[in-house]
1. Rank R330, R165 by accessible area, highest first, at a 1.4 Å probe radius?
2. Quick one: 3J(HN,Hα) in Hz for the stretch 170-183, Karplus 6.51/-1.76/1.60 with θ = phi - 60°, rounded, Gly and Pro as x.
3. Calculate, for L291 and E354, the FRET efficiency according to 1/(1 + (r/R0)^6) with r their C-beta to C-beta distance and R0 30 Å; round to the nearest 0.05.
4. How far, in degrees from 0 to 90, does helix 300-317 lean away from the longest principal axis of the Cα atoms of the chain, to the nearest 10?
5. Have a look at T104, L379, L22 and report the one farthest towards the positive end of the charge dipole of the chain, computed about the Cα centre with Cβ charges (Lys/Arg +1, Asp/Glu -1).
6. Per 10 Å bin, what is the whole-percent P(r) computed from every C-alpha pair distance within the stretch 149-234?
7. When the chain is fully extended, how far beyond the present Cα-Cα distance does D79 get from S98, taking 0.36 nm per residue of separation?
8. For a distance above 22 Å, tell me the whole-number percent of Cα pairs in the stretch 53-205 that qualify.
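The values are calculated or read from the model by the stated rules, or taken from the named source; none is laboratory data. Since the model is a prediction, treat every value here as computed from it, not as a measurement. All Cβ positions, even for glycine, are placed from backbone atoms using ideal geometry, and neighbour counts span all protein chains on display. Note: areas computed on protein heavy atoms with side chains; ligands, DNA, RNA excluded. Shrake-Rupley method; radii C 1.70, N 1.55, O 1.52, S 1.80 Å.
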Amino acid sequence: MFSRETYINRRSELKKQIKSGLLVFFGNNEAPCNYPSNAYYPFRQDSSFLYYFGLQREGLVGVIDIDSGTETLYGDDIDIEDIVWYGSVDSVSDMAASCGVANTAPMSALAQACQAAIDHGRSVHFLPPYRHDTMIQIHDMLGIHPSRQREAASVEFIKAVVKMRSRKEPQEIAELEKASHIGYSMHTTAMRLVKPGVTEKFIGGQVDGVAHALGAHESFATIFTQHGEIMHGNPSYAPLEDGRLALCDAGAETAMHYCSDHTRTMPVNGRFTTRQLEIYSIVEACHDYVLEVAKPGVKYMDVHFAVCRLMTERLKELGLMRGDTEEAVRAGAHAMFLPHGLGHMMGLDVHDMEGLGQIYVGFDDETRPNLEQFGTNCLRMGRRLEEGFGVTDEPGIYFIPALIDDWRQKGHCAEFLNFDLIETYKDFGGIRIEDDVLITADGCRFLGTERIPYHPNELEEMLG
């Protein structure tokens, strides 16, 4: 936990932003893997509950009464049978005191408190649920069917939480730096192990083990694959092959649950071919361009499309694209190669606050998403940047055989794409370079004091 005052101050600030009613923070319960007593490990608390209460135990709900100013932690103390198996833990009242909450009550009293508020015409605010046990709890308490709960969640509550969690405090930045340090160790371990014959699964396991050994765990399921064109290509049992590229997308989550997220792409045999280096250098240039243009007041959507224009210009030089750059990007032709957005928020979640609704996290009343155009519909972050934001910078170029066939058959963006040449890249795979960026007062900087090698000469030197 951070200091007791941190959570008191955060809740105090939140109270100023909501007009009235009860704010209900549902903490998470343990999630069984294949039978009730075999839960997924480690337990992961809800991030917004963590942000305002800091408590990592399962089975807790925090409630703030805006009208009276009172705060209550609901939960049940464990019994002697639990103590036998898991050891003693702090009481609910002790946990409440540790984060500055004055009142506690058993979980059975929560429904009554919510019903009393409703009976007096007061609002019960909750955030969009994402776990089904929480959905059942909301249904039992408020009578809202799970299929309607996301739309019934409090927009006022969501916007207030997003506003506060978006701008990172110095102590949060320190945790993000720690996560980046562990991420450095994870990725450089992968680089030292890459060679023909080693399996994807072995390297992926070693990467995960580094995070665990350093007191953290993965911030998401590690991606390590020779099929970099598959966005979420988890490690297979396939051995690495000479002449191919391997893509590693991995990050750490600290004990305080702050995350890192980096991607590196490397030649399995330690040396890029000419064709690989041509594509790699485009991604490298796009990645580095973000550092020049991302700063407070700039829309990240504009940064994304600036990168898309740069990528299109460079792909035209190789003959893979053609025509007017502005028209090509406007038509979405670049999404043949970059079907995702430039980046996303970083923080207590690796896709920070995404569960609250991307329309509120990555966009706002000024900047709206384009959900119709392929590629652009996957842009997670478009709003104006502010000092203290943590975002990812992750351009990529991918040659996806099924997508190539689909667009060619339909003639989609044919005036901008050289399908005959693109066909010859079907066995190429994909390249992505990703780092975590902190928006500063006058620009941006990488998070982390150590830079995972990504310039070709540095990368080849690391690979030996």
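1. Per-residue accessible area, sorted high to low, gives R330, R165.
2. Once rounded to whole Hz, the list reads x, 5, 6, 4, 4, 5, 5, 5, 5, 4, 5, 4, 5, x.
3. 0.80
4. Roughly 20 degrees between the two axes.
5. Value: L379.
6. Going from the shortest bin to the longest, the percentages are 14, 32, 24, 21, 7, 1.
7. 4.7 nm
8. Roughly 61 percent, rounded to a whole number.
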